[in-house]
Structure formats: C-alpha cells, structure tokens
Amino acid sequence: MDKNKSLTDVKMHYCTGCGHSVIHRIVCDVIDELGVREKVVAVAPVGCAVIAYEYWNFDVTEAAHGRCPAVATGIKRVLPENIVFTYQGDGDLAAIGTSEIIHAANRGEKITVIFVNNGVYGMTGGQMAPTTMVGQRTATSHKGRDITRDGFPLKISEMISILDGVKYVERTAVHNKEGISRTKEAIKKAFNVQLNNEGFSMVEVVSLCPVYGAKSIKEAYQRIDDTVTKVYPLGVLKG
C-alpha cells in the first residue's frame, strides 16, 4: 500500500506485532479517504500511544491521563466544524478515565473515541488492567485475575452502548485481514456519525500486547480468536 498523507515519515516505536501501528495506519487511511485531514484534531492519551502525534500529519494535542474525552469535548465545542477524536488504551480510558468516558458519552458529545483494548498495562510493565480477563496472568496477578480479589473485566462498550447520547458503538479486532477491514469500516462509520452531527461514537479495537499478553506474536493473535473474543464479542453494539 502507498503511504498516505496523514502519516508522517517517523519510525514508530511500538513493539513488533503491536496493534497500535496497524490501527494508526487505519485511522490515517480513513481520514485520507474522507478528505478531512485539514479538519481533524486528535487527542493522544497517556500510555503506549502517548506520542501518537509524532506519527500523524494532522493536528494532535495531549491530554492528562484519562482526560482525553474532556479535552476533546472542549475542542469540539469551540470548533464544532472540526472532526475531533480521542485515541485511548484500556489503562487510560477504562481505569483512570472511566468517569470521563461515561459522562462524555452520556452527554452525547459529538466526538469519536478509538479505544484500543489489549487487556494489560503495556507501557509500565504488564500490570493488570480493568479489561484483563479472568484467569489472565499479569505482573500484578501472577496466578491470574481472581474475581474475588479483583472483580470482573470491565466491558466498556457494553456500558457505553446503553446510554441515550450514544449513536454508534462497535467492537472489532486487528489480528487478521478480515478484522483489519472491519476495523476500517467501523472507524469510517464512527467518523461519519460525527460528520453528520449525530452524537457520540466509539470503536473498541481488541489488540493483545505481544510482549505482556502472550509468549509470542503468533500466540497473542491466536488468543484473540480462542479466548479474547469469547469475553469481548466482536460486532455492533449500537448504531
């Protein structure tokens, strides 16, 4: 594939097999195809994608940990004609940022959220995240997530989809060709919801961490089919 206008020439820092690089490219493909690059403002998170602004050739700002939806809300209200989206991992969105995402969605803010769920804190050493599956071993759950001690995995998309202000929510994956194609379609639909001024939209992208989520890239990708999608079923939840 030819390089698009929305990607810079900076070499990405992500680990081999990480889904972030694929999702970054998908986002840029959609923006170029929609012809909205000059109108886009992205909000980068704290986490593995903290320097996403190095790779995107459009306006990007940074938010404090978990506060991307609040920053995006302010930008969109001041610049309603712009396309504003957040790009967040599960530690940023589903842990410290739970309140922000719930209330932004409930208000029906006309922003788009791209939520990358790899089930672990990838940047800080592989600790248990809110989305870590029951029984999954992490740096802080050596014997696996225990529901008695740790509770159940937090299913953000299911929570968000019941809110009246939300117009579109879909969960996809990027571990195979079909998943990549579906993710691209979903992100394009989410942006179109915003372009049509309809309300809040979110795409959750399942993407296991190849360093802390499995013993190898192959195993990480296989686990998405074998285990992860049983806990986090793919498909449209609303819209």
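In this entry, Lys110 passes the filter for residues that are surrounded by 20 or more Cβ atoms within 10 Å (Cβ to Cβ) and touching a strand residue (DSSP E or B) at 6+ places or on another chain (Cβ under 8 Å).
Looking at the range 184-220, which of the residues that are of a type in the set (Ser, Thr, Tyr) and assigned to a loop (DSSP other than H, G, I, E, B) is modelled with the lowest pLDDT?
Ser216
Do we have Val169 as part of a helix (DSSP H, G or I) and in contact with a Ser or Thr (Cβ under 7 Å, 6 or more places away or on another chain) here? No. Across the range 114-161, the number of residues qualifying as without any contact (Cβ under 8 Å) to a residue 24 or more places away in the chain, under 19 Å from the mean Cα position of the chain (by Cα) and closer than 21 Å to Leu237 by Cβ comes to 1. Name the residues in the range 110-142 that are assigned to a strand (DSSP E or B), over 18 Å from Val46 (Cβ atoms) and touching a helix residue (DSSP H, G or I) at 6+ places or on another chain (Cβ under 9 Å), would you? Once the filter is applied, which keeps residues that are assigned to a strand (DSSP E or B), over 18 Å from Val46 (Cβ atoms) and touching a helix residue (DSSP H, G or I) at 6+ places or on another chain (Cβ under 9 Å), the range 110-142 yields Thr112, Val134, Ser141.
Residues in the range 54-79 that are assigned to a helix (DSSP H, G or I) and touching a strand residue (DSSP E or B) at 6+ places or on another chain (Cβ under 8 Å): Cys68, Pro69, Val71, Ala72, Ile75, Lys76. Which of the residues spanning the range 80-96 are farther than 15 Å from Cys209 by Cβ, outside any strand (DSSP E or B) and touching a strand residue (DSSP E or B) at 6+ places or on another chain (Cβ under 7 Å)? Asn82, Leu93, listed by residue number.
Among residues of the range 12-39 that are more than 18 Å from Asn118 (Cα to Cα) and at pLDDT 95 or above, those with a beta-carbon under 7 Å from a residue that is among the charged types (D, E, K, R) and in a loop (DSSP other than H, G, I, E, B) at least six positions away or on a different chain give the pairs Asp32/Lys5; Arg37/Lys5; Lys39/Glu81.
The values are calculated or read from the model by the stated rules, or taken from the named source; none is laboratory data. Please read these numbers as outputs of a predicted model, since none were measured by experiment. Positions of Cβ are generated from backbone atoms using ideal geometry, with glycine treated the same way; all protein chains shown enter the neighbour counts.
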